[in-house]
1. Tell me which of these L66 doesn't satisfy, since it passes every other one: (1) under 31 Å from the mean Cα position of the chain (by Cα); (2) on the phi < 0 side of the Ramachandran plot.
2. Confirm whether L156 is more than 22 Å from Q86 (Cα to Cα) and exposed (fewer than 15 other Cβ atoms within 10 Å of the Cβ).
3. Kindly evaluate V56 against the criterion of being over 30 Å from A455 (Cβ atoms), in contact with a Lys or Arg (Cβ under 6 Å, 6 or more places away or on another chain) and not hydroxyl-bearing (S, T, Y).
4. I'm told Q330 meets every condition in (1) under 16 Å from A188 (Cβ atoms); (2) buried (at least 22 other Cβ atoms within 10 Å of the Cβ) except one. Can you identify the failing condition by its number?
5. Scanning the range 78-114 for residues that are among the polar types (S, T, N, Q) and without any contact (Cβ under 8 Å) to a residue 60 or more places away in the chain, which turns out farthest from T139 (Cα to Cα)?
6. Restrict the check to the range 450-459 and report whether at least one residue is buried (at least 24 other Cβ atoms within 10 Å of the Cβ), within 15 Å of the chain's Cα centre (by Cα), at pLDDT 80 or above and over 26 Å from H229 (Cβ atoms).
7. Can you work out which of the residues in the range 198-214 that are open to solvent by 50 Å² or more (accessible area, probe 1.4 Å) and touching a helix residue (DSSP H, G or I) at 6+ places or on another chain (Cβ under 6 Å) is nearest to V56 (Cα to Cα)?
8. Restricting the search to the range 304-351, which residues are β-branched (V, I, T), closer than 24 Å to S486 by Cβ and in contact (Cβ under 8 Å) with a residue 12 or more places away in the chain?
Amino acid sequence: MGSEDELPQDQKGSAPDAMEHRGSGMAKRLATFISGLVECMCFAGVIFGWASLVFVLKDLGYFQDLCVSVANQTANQTDCSAQDEQLSLIFTIGSFMNNFMTFPTGYIFDRFGTTVARLLAISSYTTGTLLIAFSTAATAVMLFPALSFLSIGGILLILTNMQVGNLFGKHRSTVITLYNGAFDSSSAVFLVIKLLYEQGLSLRTMFLFMSTCSAWHIVRTFFLMPRHHIPYPLPPGYTYGLSCQRRSQSYRTYEEKRCSRSLDDDEAQDSRNLHPDSALSEEHATPKVTASKGHTETTSDFKEPAAVSFWSCVFSQLFFWHMIWLSVMQLRHYLFIGTLNPMLIQLADKNASLVSHYTNAFAFTQLCGVLCAPWNGLILDRHKRGQKKEGCSQEVPDSLADLRSCVLSLVITVLQCIAFSVCASIPVLPVQYATFILQVLSRSFLYGGNAAFLAIAFPLEHFGKLYGLIMGLSAVVSLLQYPFFSLIKGLLKEDPFYVNIGLIVLMLLALINPFMVWRECRRRQEERDAAHSTTTPALTAEKPGLESSI
């Protein structure tokens, strides 16, 4: 067996060998794509099916000692609000770790590559599943570290898988959003656990099975994923993973050339190789014709594109307003998921059968995330092609067309989240069916659009760090869900109406982000038009000189 670190033995080969290599390469890419989709759908975002797992945990008596008997004029009742708060706190910490730890793990991914990041993910995920498997009602506090480990492992799995979109060129945005949709759909795993539990299967058996799946993750890490990163665009003959020695391994050659450059050249070349269409690093060189010694020469009025630093991306307006866009809508989704069980109990008047029915309905709709998310990618890709057709006479660059295509996607996502929040504010149980549908649609667009925007608007070599940083900063905002939950349970006497209205108003801030992106696109287009208008007279003025020299 040989790995991607081996040097190529023969770069040329015969035509049949080349065709066989291309065919096997495409088969391997499809295997990587499909296995990554399964991985994201079955493992990456399972913690967001928390409402289904809470149903099981309550039945097993987790934190039941926090329930107290309350006597009233008619009968004795049990108040389990303290139990609900404790379970809500576990989800709050888990969802916080899901986002906050994305920055250090994103740095690990950028610095040490895919293999190291995935091995860390597998270790964390296995630890989390084992902690839940061996937890009991007496050791319920084990759920706190368990959910955090599941979060860290899951976010690293989706982070390392999103680069698979680079293997599919013009369908890149669709693949990225599809993987994020699969991440959303993985919340249905806890629904499967709930249904199997109701059929008599123990919680320990199911989580031990999830732990054994780590062997499959390890095999995929070494055979179907790169050791470092998948570049964009792909260099000729690019391959990855363990393969037979007889095959050419162009990836090592690519990596050696990249690592042999000087530090300054490395940063500039990475920016061009990994993301030549980056919106922040785009420079438009215009040809300049000069006459010298009876012949013409083509030069450039502009310097080579300078590499964009990580911190210049962080302190840009695009990054700031995109962080606001993500944070306010994510807070709305996290609060809804964390309070779903007590909300259903209240609306169903503590009817356990109705609560179970609506919990299952919510979990089933989460399965549709993998179907909803690609719509956002299709909007991005198709709108980009429309922008290119409209601006074909002006030679609109890919980076500008990409950025323009984001505006519509960002606006649609905000409107979906507002509609979902309005439905969630209506205290009528059947209306929650519409709430569930809008929630999964909005959430799929939110995370898929977030990843696609960062990949489009910023240099790809900073993607892991920027994705981790923006998720970490939004995690700080998501901590507000616990005080909001306490406010609803206490001062508002379990009536979330005013909190819901406040969140709807807060989400209007998210509309600033697409406006800022639109304004940035307009500014870049004006700069291009001004550059073209200044170079055209220069070419006209030099034309007589060319004729006289001839």
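1. (1)
2. Here the answer is no, as L156 does not meet what is asked.
3. Taking the combined requirement at face value, the residue satisfies it.
4. (1)
5. Looking at the filtered set, the residue picked out is T78.
6. No; the residues of the range 450-459 include none that is buried (at least 24 other Cβ atoms within 10 Å of the Cβ), within 15 Å of the chain's Cα centre (by Cα), at pLDDT 80 or above and over 26 Å from H229 (Cβ atoms).
7. The selected residue is R204.
8. Selection gives V328, I337, T339.
The values are calculated or read from the model by the stated rules, or taken from the named source; none is laboratory data. Just so you know, these numbers come straight off a predicted model, no measurement behind them. Neighbour counts are summed over all protein chains in view; Cβ atoms, including those assigned to glycine, are modelled from backbone coordinates with ideal geometry. The protein model used for the area step is the full one, side chains on, heavy atoms only, and it has no ligands, DNA or RNA in it. Shrake-Rupley method; radii C 1.70, N 1.55, O 1.52, S 1.80 Å.
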